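**Q** What follows is a single structure, and I will ask about it in a moment.
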Amino acid sequence: MKVVGVVGSARTGGNTEILTSIALDEIRKEGIKTELINLAGKRIEPCDGCRACSETGKCHYKDDFEEIAEKMIEADGIILASPVYYGAASPQIGAVC
């Protein structure tokens, strides 16, 4: 079993990453494998609705999302963590949802 924590903050080492790390630490204590994925500094293009992913299983953009998506698909659980900007999640976390 594995849980992936995806941090959607533009800042590394910030509160969102700290809180996600604490959650993953508690999960790890239960003998479950964990991985933290920080989206800060990653290049993820916005979806343009071309539907290539539904037809081929791959996005036509060559960015950092493919590796992240594979880890999310393989995970048994996913934590999506985001700071709140003006009442909404960060653009980074929105790009992987």
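The values are calculated or read from the model by the stated rules, or taken from the named source; none is laboratory data. Since we're looking at a predicted model, the values are computed, not measured. In this analysis, Cβ positions are derived from the backbone assuming ideal geometry, glycine residues included, and neighbour counts consider all displayed protein chains.
**Q** Would you check if Arg43 is of a type in the set (Lys, Arg), on the phi > 0 side of the Ramachandran plot and modelled with pLDDT under 95?
**A** Spelling it out, it is not the case that Arg43 is of a type in the set (Lys, Arg), on the phi > 0 side of the Ramachandran plot and modelled with pLDDT under 95.
**Q** Counting only residues that are over 19 Å from Pro83 (Cβ atoms) and of a type outside the set (Lys, Arg), which one in region 1-14 is surrounded by the fewest Cβ atoms within 10 Å (Cβ to Cβ)? Break it down into steps so the answer makes sense when it comes.
**A** Taking region 1-14 and keeping what is over 19 Å from Pro83 (Cβ atoms), we get 1-3.
In the following step, the residues that additionally are of a type outside the set (Lys, Arg) were identified as 1, 3.
Working: Met1: 11, Val3: 19.
Within region 1-14, the match that is surrounded by the fewest Cβ atoms within 10 Å (Cβ to Cβ) is Met1.
**Q** Residue under question is Ala95, and the condition is that it be small (Gly, Ala, Ser), on the phi < 0 side of the Ramachandran plot and assigned to a helix (DSSP H, G or I); does it hold?
**A** Yes: the conditions hold for Ala95.
**Q** In addition: Identify, please: which residue in region 39-52 is among the small types (Gly, Ala, Ser) and in a loop (DSSP other than H, G, I, E, B) and is, among those, farthest from Ser82 (Cα to Cα)?
**A** Just the residues of region 39-52 that are among the small types (Gly, Ala, Ser), to begin with: 40-41, 49, 52.
When the remaining residues are screened for being in a loop (DSSP other than H, G, I, E, B), the result is 40-41, 49.
Values: Ala40: 11, Gly41: 15, Gly49: 24 Å.
Filtering region 39-52 for residues that are among the small types (Gly, Ala, Ser) and in a loop (DSSP other than H, G, I, E, B), the one farthest from Ser82 (Cα to Cα) comes out as Gly49.
**Q** Return yes or no: is Ile68 touching a helix residue (DSSP H, G or I) at 6+ places or on another chain (Cβ under 8 Å), in a loop (DSSP other than H, G, I, E, B) and within 19 Å of Val4 (Cβ to Cβ)?
**A** The answer is no for Ile68.
**Q** Let me ask something else about it. What residue, of Glu55, Glu17, Glu35, is in contact with a Leu (Cβ under 9 Å, 6 or more places away or on another chain), outside any loop (DSSP other than H, G, I, E, B), of a type in the set (Asp, Glu) and surrounded by fewer than 16 Cβ atoms within 10 Å (Cβ to Cβ)? Talk me through it step by step, then tell me what you get.
**A** Numbers: Glu55 fails: in contact with a Leu (Cβ under 9 Å, 6 or more places away or on another chain); Glu17 fails: surrounded by fewer than 16 Cβ atoms within 10 Å (Cβ to Cβ).
The match here is Glu35.
**Q** Also, I was wondering about something else. For Thr56, only one of the following conditions fails: (1) among the β-branched types (Val, Ile, Thr); (2) at pLDDT below 90; (3) touching a strand residue (DSSP E or B) at 6+ places or on another chain (Cβ under 9 Å). What is its number?
**A** (3)
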